[in-house]
Amino acid sequence: MVLDVDFVRAQFPAFEVPILQGQAFFENAGGSYTSRFVIDRLTRFYRERKVQPYAPYEASRLGGEEMDEARARLAAMLGVETDELSFGPSTTQNTYVLAQAFRQWLSPGEAIVVTDQDHEANSGPWRRLAEDGVEIREWKIDPETGHLEPARLEQLLDETVRLVCFPHCSNVVGEVNPVTEITAMAHAAGAFVCVDGVSYAPHGFPNVGELGPDIYLFSSYKTYGPHQGIMVIRRALGEQLPNQGHFFNAGTLYKRFTPAGPDHAQVAACAGMADYVDLLAGHHGIAGNAAARTAAVHDLMRTHETRLLQPLLDYLKAKNSVRLLGPADADARAPTVAIELDEPGEAVAARLAGHGVMAGGGDFYAVRALEAMKVDPAKGVLRMSFTHYTTEAEVQQLIDALETEL
């Protein structure tokens, strides 16, 4: 089955905007275009339902129902129970709240494993717990390849480790980590697992229930939706951790780790992401329950992206003037491609803009990963990231621009 890219692009109003015509978008790791379903739901909520939800009058009832719909449908897509999914203002904020819960729950001398491959959002909040006597152990990447070797994690695990934190894939290395294998190792040692899925979920929503982690986090503004952080916390862990919400909400799992009131309109609009996945499934003749449809759409997206990614990797690998971070095999990574150059990444990104290529330069909050790979964060990298709505012509446009500017 081949992804119908023309049909996909028709679901994103950005591709109809005159100012974006001819512009190839290669900064999707920073945030994706928004699907029309999300935009329509957000607009409708602000026009018709911008009232306090869950009251008995009609506008309020409909608003609350849409919020509940978003939670239920996304949880079903991810293979988890409805109340195991929570919304928050961002993944960074959600992780910080979780870290505060672990701060209360852990005892001095107990340990957390973090990596130096992560975005700082899934590293810094956990590392700060050292101030309270929690031991922080670092699972280090290979300085040449950026690879996280599971055997190195095994050497860090013992009965004092309570939590292992790592990314599904890094936002600069791009390699897809074996979540199920790593989770099984951690669980066998008696530890819980927290996975940062921010850089993976845009390339196909994962079945978190099958992968097995206890916490899975991602950002809906990178999965074609509004600016929310979405987190799955499985019941076995969520009911043990201290409540971080209002005391009277302690009995509701999805409210225990969202101390701030939710953004009603954006939560409701997240149902538009489920609308989009369902539309793609129907268009491509995919049937089954929500998790099955989502899995098939995930595979459609990944197959398309992998086919487009390999020529770009081949081109970069052959360039003596650049250092490609992460695998050169498209099957092993997400289409988030960072390269080290002799000059700052931002300078090259600025020149690429003259060719109608929208890319980014900098450290991308992955300072620890860059330092571990001996890349100066002040110089940063050039990052080119795309997703399933990208076309072959746009990838060629990028390669042609690189050939001129590198």
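The values are calculated or read from the model by the stated rules, or taken from the named source; none is laboratory data. Just so we're clear, the structure is a prediction, and the values are computed from it rather than from any experiment. So basically every Cβ, Gly included, is an ideal-geometry build from the backbone, and we count neighbours across all protein chains shown. Ligands, DNA and RNA are excluded from the accessible area calculation, which covers all protein heavy atoms including side chains. Shrake-Rupley method; radii C 1.70, N 1.55, O 1.52, S 1.80 Å.
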Requested in this report: Please find, within the range 316-350, the residue that is nearest to L382 (Cα to Cα) out of those that are part of a strand (DSSP E or B) and β-branched (V, I, T).
Outcome: I339
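Please go through the range 378-390 and give me each residue that is open to solvent by 30 Å² or more (accessible area, probe 1.4 Å) and either touching a Gly at 6+ places or on another chain (Cβ under 8 Å) or not small (G, A, S) (or both), ordered by number. Quick ask: steps written out before the conclusion?
Step one: of the range 378-390, the residues open to solvent by 30 Å² or more (accessible area, probe 1.4 Å) are 378-379.
Correct list: K379 only.
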Query raised in the report: Among the residues of the range 87-100, is there at least one that is open to solvent by less than 50 Å² (accessible area, probe 1.4 Å), farther than 26 Å from R41 by Cβ and without any contact (Cβ under 8 Å) to a residue 24 or more places away in the chain?
Result: no
Query raised in the report: Of E65, E81, which residue is under 22 Å from the mean Cα position of the chain (by Cα), at pLDDT 95 or above and open to solvent by 50 Å² or more (accessible area, probe 1.4 Å)?
Result: E81
Requested in this report: For the range 382-400, state whether one or more residues are more than 17 Å from G30 (Cβ to Cβ) and of a type in the set (K, R).
Outcome: no
Query raised in the report: Any residue in the range 60-78 that is in contact (Cβ under 8 Å) with a residue 12 or more places away in the chain, within 23 Å of R234 (Cα to Cα), assigned to a strand (DSSP E or B) and among the aliphatic types (A, V, I, L, M)?
Result: no
Requested in this report: Identify the residue in the range 241-272 that is more than 15 Å from V97 (Cα to Cα) and of a type outside the set (A, V, I, L, M, F, W, C) and, among all such residues, is surrounded by the fewest Cβ atoms within 10 Å (Cβ to Cβ).
Outcome: G251
Query raised in the report: Counting only residues that are farther than 25 Å from L156 by Cα and assigned to a helix (DSSP H, G or I), which one in the range 190-209 is most open to solvent (accessible area, probe 1.4 Å)?
Result: G209
